[in-house]
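Structure first, then comments.
The values are calculated or read from the model by the stated rules, or taken from the named source; none is laboratory data. Values in this document were obtained by computation on a predicted structure and should not be read as measured data. Here the Cβ positions follow ideal geometry from the backbone for every residue, glycine too, while neighbour counts run over all protein chains shown. Side chains included, ligands, DNA and RNA excluded: accessible areas come from the protein's heavy atoms. Shrake-Rupley method; radii C 1.70, N 1.55, O 1.52, S 1.80 Å.
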Amino acid sequence: MGKLKTFTRRSFLIGSTAIAGGVAFGYYQYKQPQDNPLLKFPKLNQSIITPYIKIDQQGVTIITPRAEMGQGIHTTLAALVAEELDLSWETIRVEHGPASSTYHNAAVLEEGLPFAPTNNGLMANSIRKLTKIPAKFLGMQITGGSSSIVDAYEKMRLAGATARAVLIEAAAQILKVDKTTLFTYQGHVVSSSGEKISYSELAPTAQKITPPTDIQLKRKEDWKLLGKSLPRIDMVAKCTGTAEFSIDVNADDLLYATVKMNPNLGAKLIAYDDSNAVSMTGVKQVINLNNKGVAVIASNTWYALQAAKNISFTWDNAPYPASTDEMFEVVKNSFTEEYIDSTLKQEGDVDSAITNIDESFETIIKGEYKVPYLAHTTMEPLNATVLIEQNKIQIWAGNQNPTQIVKEAEKITGLTPNNIIVHTTYMGGGFGRRAEMDFIKYAIEIAQHTKGKPIKVTWSREEDTTHDYYRPLALAKFKGVSTNHTIKALDLQLACPSVLTSQMGRMDIPLAGPDVSIVQAAWEQPYNIEHYQVRGYKVPEMLPISSWRSVGASQNGFFHESVIDELAHSSGIDPLTCRLNLINHHPSKKVIEAVAQMANWHTKRPKNIGLGIAFTLSFGVPVAEIVEVENTPNGIKILNVYAAVDVGIALDPRNIEAQVMSGIIFGLSAAMMGEITVKDGKVEQTNFHQYDAIRMNQTPNIQVKVLENGEKIRGIGEPGTPPAAPALGNAIFAATGKRIRELPFNKSINFV
Amino acid sequence: MDIKVNGKTHNLVVDNDMPLLWVLRDELNIKGPKYGCGIAMCGACTVHIGKIAVRSCTFPVGQVYDDITTIEGLGTPSAMHIVQRAWVEHQVAQCGYCQPGQIMSAVALLTKNTSPTDSDIDNAMSGNLCRCGTYPKIRAAIKTAAINIIQEKHTMSLIGTSAEGDSNG
């Protein structure tokens with residue numbers, strides 16, 4: 001039997017007699033209870049309507065409804081439940097679970113608010129709570145914004161604790177003892193006389209019990225799993241080639257396809273000639289995809305890829321400027337009143353501070369910084385598998401937003417959400433790319449031509465790189481005044497197309513107010529500079545753009561922290577000390593002090609060694625990084641990177657370190673060599689020979705320290721990225737005296 | 001045409017110039033080797049032909065000259081290869097997509113060189129791209145595996161058997 005059929009069976013398993021004695025637990029209370037999608041199938045007559053835990057004869061399965069793209073989220077979400085439910089780690093099974101608004105992410109909108117994470121005032125906290133209401137209303141089961149842990153921290157512990165209380169009650173009924181005499185241990189309820197009943201055995205009784213609402217969570221001091229470095233649930237599968245990504249989904253009669261869309265992004269297909277392609281080996285059909293491009297259907301992905309190369313096209317022109325230079329002109333021309341999007345930081349009077357300087361002890365510095373478009377290039381090229389049969393559609397895709405897939409499938413096929421089943425697989429990288437819907441929509445459109453047969457649509461790497469939703473290009477203009485050992489004034493103006501407008505437009509959600517991501521990681525930095533202004537300009541959209549690991553912080557961290565460094569050097573003070581002097585936020589100070597110690601910042605190095613520091617507060621996480629480079633005769637060698645981060649509460653220290661390490665390498669790769677350019681309307685870089693990233697030979701030693709001084713728990717998938725580029729730039733300056741204001745650095749300097 | 005993969009012979013009816021990767025994945029349903037770039041630039045598709053690591057995405061199936069081993073042939077979740085065990089010990093994988101290729105490159109390296117230096121590791125592994133940036137852990141896992149291979153060989157020689165079966169790529 002093909003794997004697809006196994007999948008189908010598994011998705012119906014909860015309705016089958018195999019777990020007729022099964023029970024689903026969980027906790028969700030948000031004024032009004034939400035549906036439990038685990039109970040979608042009528043055979044299961046459940047009285048408990050809660051969505052995170054399934055117990056059947058085989059044991060406990062935890063629903064971990066955030067997508068696993070490498071960040072280890074399934075492991076930590078499972079640990080939140082397992083801690084409260086007293087499960088032994090080795091027995092845990094997890095499933096991503098179905099697409100459902102019940103699993104909406106209530107924390108993801110927080111970063112977009114015009115309140116600094118350091119602002120814990122009544123107003124800021126009230127508005128933060130309010131964002132949870134539209135989040136619920138939108139019902140987006142989105143994985144992104146380093147928000148999964150923030151969202152789940154209480155929710156999933158409560159689910160575990162609630163289930164535990166019900167299982168104890170069930171055991172009390174069976175054993176006819178007072179429930180206060182019972183305790184739980186490794187998947188069992190145990191009585192004072194030593195009787196043990198497994199959770200599986202208790203499930204049939206438990207399902208008749210209404211869960212209590214007065215649940216106590218364990219004290220942090222009593223945690224057995226949380227706070228420890230746990231072996232990742234997906235590790236063995238990922239080291240043995242048995243982990244299933246959507247590109248690996250198999251089925252009987254599976255057809256294979258690829259797409260070739262207009263490289264002038266968003267423009268139409270005028271005409272094409274597939275006469276050579278259709279007669280090639282293995283090719284079954286070439287389909288016009290809504291006059292936007294074509295799909296080739298074949299008996300093997302390779303036949304489809306080959307045939308796609310043998311189709312000639314007439315494409316319509318791009319709806320945006322045809323070259324990178326022209327695009328940067330548009331950005332440059334956006335620094336005007338008309339394009340002002342926000343001025344979220346306004347302290348003192350920057351204009352007067354800059355105009356009226358006393359040259360005897362003050363210095364003014366002005367300049368412009370520049371960053372290019374970037375691609376996501378996840379290791380797994382975009383793909384999805386779709387089967388449409390008898391008024392039902394199944395979609396297998398690594399994705400960051402399954403509820404949006406349901407909406408898109410509904411729009412394309414006219415099927416009702418009940419008949420749209422999304423299987424969210426492991427992702428071979430996401431970085432924001434898999435929150436987009438294009439690759440899934442195309443696969444659904446193609447599957448409408450192959451009804452009754454499953455079809456897997458795999459993009460070539462070339463299609464993937466040239467048809468991304470890119471990290472936007474951006475420019476920054478700054479004016480600053482340095483004075484005796486400090487920074488007196490900073491005016492930072494940031495111009496960038498709006499990621500949110502581009503994204504929300506594709507989802508038909510209107511955007512009101514400013515796009516905070518244009519100024520993210522610049523306006524809310526905890527520096528006390530006397531005259532301080534950060535203004536955002538919203539540049540017209542050109543290439544389609546989207547979230548790219550750390551979003552606006554990916555460029556603004558570079559802008560802000562390079563400028564701070566320039567001003568610190570100009571004021572004659574050590575740039576690390578300058579930051580410490582200007583920052584009052586306790587957790588932020590602590591990460592800077594920690595990283596200084598890790599790197600022995602104050603120990604003098606030889607002249608050709610340079611240390612650069614950068615600090616960024618993004619997604620609520622203060623991160624300080626120090627990069628150590630050597631200026632060799634052949635170029636810059638990155639020797640060491642030191643990082644200190646504060647996540648408030650560290651649930652899995654080793655995984656947090658791994659995420660920070662990953663974020664650093666992601667950020668350094670882009671800073672050193674990442675650049676997407678456009679010529680004649682088309683993206684010029686097609687594959688890894690032109691759009692590469694750090695390899696083993698350029699990987700520095702990396703040390704990470706995780707602190708817990710922050711006020712609340714935070715996510716760590718993204719915050720490691722933003723300081724990497726400015727710390728590298730600042731280190732290059734320290735080692736060479738050369739201040740590079742444009743990324744990627746390899747346009748100005750060699751790396752070895 | 002016949003090819004032998006992980007000890008099993010398969011008869012194929014495909015174009016001779018079809019890259020081995022697509023034979024493995026779409027014809028034989030062996031999904032460990034991954035498609036990443038199609039131009040031998042990322043190493044996600046790495047398999048062994050004999051004991052040599054090759055990029056199967058550009059290697060025509062018609063030119064296969066020896067038996068093929070993929071990650072599935074190296075070890076299984078319940079009986080992992082010594083290098084896979086080191087990978088788990090160091091918790092290397094994040095998204096995991098490139099790791100089958102990384103492990104196959106590492107096994108090929110350790111088959112020739114049981115005490116690789118940092119620069120040997122750089123040379124053998126720099127063809128394998130990882131967008132999650134797991135390189136520091138890969139380096140550590142290779143070093144652990146190297147020590148374990150030597151220790152197991154030593155143990156095996158003391159009890160008079162060969163460790164070849166385990167480290168055989």
Based on what the data block shows, is B:Gly101 assigned to a helix (DSSP H, G or I) and in the same structural domain as B:Met41 (by TED's automatic domain parsing)? no
Say we look at the range B:8-40 and pick out the residues that are within 14 Å of B:Thr69 (Cβ to Cβ) and in contact with a helix residue (DSSP H, G or I) (Cβ under 7 Å, 6 or more places away or on another chain); which of these is most open to solvent (accessible area, probe 1.4 Å)? B:Ile30
Restricting attention to the range A:624-634, the residues that are part of a strand (DSSP E or B) and open to solvent by 10 Å² or more (accessible area, probe 1.4 Å) number exactly 4
Any residue that is more than 14 Å from every other protein chain (Cβ to nearest Cβ), of a type in the set (A, V, I, L, M, F, W, C) and part of a loop (DSSP other than H, G, I, E, B) - is there at least one of those in the range A:235-253? no
Any residue that is in contact (Cβ under 8 Å) with a residue 12 or more places away in the chain, open to solvent by 10 Å² or more (accessible area, probe 1.4 Å), over 26 Å from A:Pro744 (Cα atoms) and in a helix (DSSP H, G or I) - is there at least one of those in the range A:470-486? no
Heads up, the helices (runs of 4 or more DSSP H) in the range A:538-600 (entirely inside) with at least 3 residues that are under 30 Å from A:Glu329 (Cα atoms) and of a type in the set (Asp, Glu) are A:553-571
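Conditions tested, residue by residue: (1) farther than 20 Å from A:Ala599 by Cα; (2) assigned to a loop (DSSP other than H, G, I, E, B); (3) among the β-branched types (Val, Ile, Thr); (4) in contact (Cβ under 8 Å) with a residue 40 or more places away in the chain.
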site: A:Gly648; (1), (2), (3), (4): yes, yes, no, yes
site: A:Leu651; (1), (2), (3), (4): yes, yes, no, yes
site: A:Ile664; (1), (2), (3), (4): no, no, yes, yes
site: A:Leu668; (1), (2), (3), (4): no, no, no, yes
site: A:Phe688; (1), (2), (3), (4): yes, yes, no, yes
site: A:Pro719; (1), (2), (3), (4): no, yes, no, yes
site: A:Pro722; (1), (2), (3), (4): no, yes, no, yes
Condition set over 43 Å from the mean Cα position of the chain (by Cα) and aliphatic (A, V, I, L, M), scope the range A:152-182, selection most open to solvent (accessible area, probe 1.4 Å): answer is A:Ile174
Hey, A:Ala172 within 26 Å of A:Lys224 (Cβ to Cβ) and free of Cβ contacts under 8 Å to residues at least 12 places away in the same chain or not: yes
Subset of the range A:411-437 [among the charged types (D, E, K, R), open to solvent by 10 Å² or more (accessible area, probe 1.4 Å) and under 21 Å from A:Tyr469 (Cα atoms)]: A:Glu436
Out of all the residues in the range B:64-93, which are out of contact with any strand residue (DSSP E or B) (no Cβ under 9 Å at 6 or more places or on another chain), open to solvent by 10 Å² or more (accessible area, probe 1.4 Å) and either in a loop (DSSP other than H, G, I, E, B) or facing chain A (nearest Cβ under 9 Å) (or both)? B:Thr76, B:Pro77, B:Ser78, B:Met80, B:Arg85, B:Val88, B:His90, B:Gln91
Hey, A:Val166 assigned to a helix (DSSP H, G or I), among the β-branched types (Val, Ile, Thr), within 21 Å of A:Ile215 (Cβ to Cβ) and in contact with a Phe, Trp or Tyr (Cβ under 8 Å, 6 or more places away or on another chain) or not: yes
Name the residue that is nearest to A:Ala67 (Cα to Cα), counting only residues in the range A:109-134 that are modelled with pLDDT of 80 or more and crowded, with 17+ Cβ neighbours inside 10 Å. A:Pro117
Take the conditions free of Cβ contacts under 8 Å to residues at least 12 places away in the same chain and away from every other protein chain (no Cβ under 14 Å) and apply them to A:Gln390. Does it pass? yes
Extreme residue, nearest to B:Cys130 (Cα to Cα), among residues of the range B:1-58 that are more than 7 Å from chain A (Cβ to nearest Cβ) and among the hydroxyl-bearing types (Ser, Thr, Tyr): B:Thr46
Qualifying residues in the range B:125-146 (those that are without any contact (Cβ under 8 Å) to a residue 40 or more places away in the chain and more than 8 Å from chain A (Cβ to nearest Cβ)) - the one farthest from A:Met696 (Cα to Cα): B:Ala146
Checked A:Lys260, A:Lys292, A:Lys309 against criteria (without any contact (Cβ under 8 Å) to a residue 24 or more places away in the chain and in contact with a strand residue (DSSP E or B) (Cβ under 9 Å, 6 or more places away or on another chain)); the one match is A:Lys309
I'd like the full set of residues that are surrounded by 24 or more Cβ atoms within 10 Å (Cβ to Cβ) and assigned to a strand (DSSP E or B), limited to the range A:52-91. A:Ile53, A:Lys54, A:Ile55, A:Val60, A:Ile62, A:Ile63
From A:Thr385, A:Thr377, grab the single residue that is assigned to a strand (DSSP E or B) and within 14 Å of chain B (Cβ to nearest Cβ). A:Thr385
Do we find that A:Asn697 is in a helix (DSSP H, G or I), within 14 Å of chain B (Cβ to nearest Cβ), over 23 Å from the mean Cα position of the chain (by Cα) and more than 18 Å from A:Pro372 (Cβ to Cβ) in this structure? yes
Only residues that are more than 16 Å from A:Val371 (Cβ to Cβ) and surrounded by 22 or more Cβ atoms within 10 Å (Cβ to Cβ): list them for the range A:658-682, please. A:Ala658, A:Gln659, A:Val660, A:Met661, A:Ser662, A:Gly663, A:Ile664, A:Ile665
Could we say that A:Glu201 is part of a helix (DSSP H, G or I), of a type outside the set (Lys, Arg) and more than 34 Å from the chain's Cα centre (by Cα) here? yes
Among the numbered criteria (1) surrounded by fewer than 23 Cβ atoms within 10 Å (Cβ to Cβ); (2) in contact (Cβ under 8 Å) with a residue 60 or more places away in the chain; (3) touching a strand residue (DSSP E or B) at 6+ places or on another chain (Cβ under 6 Å), which single criterion is violated by B:Thr111? (3)
Looking at (1) of a type in the set (D, E, K, R); (2) within 14 Å of chain B (Cβ to nearest Cβ); (3) in a loop (DSSP other than H, G, I, E, B), which is the only condition A:Lys712 fails? (2)
Looking at (1) within 14 Å of chain B (Cβ to nearest Cβ); (2) over 24 Å from the mean Cα position of the chain (by Cα), can you tell me which one A:Gln659 breaks? (2)
For the range A:443-469: of the residues being in a strand (DSSP E or B) and not polar (S, T, N, Q), which is nearest to the other protein chains (Cβ to nearest Cβ)? A:Lys456
Going through the range A:273-289 one residue at a time, which ones are open to solvent by 70 Å² or more (accessible area, probe 1.4 Å) and either in a strand (DSSP E or B) or modelled with pLDDT under 95 (or both)? A:Asp273, A:Lys284, A:Gln285
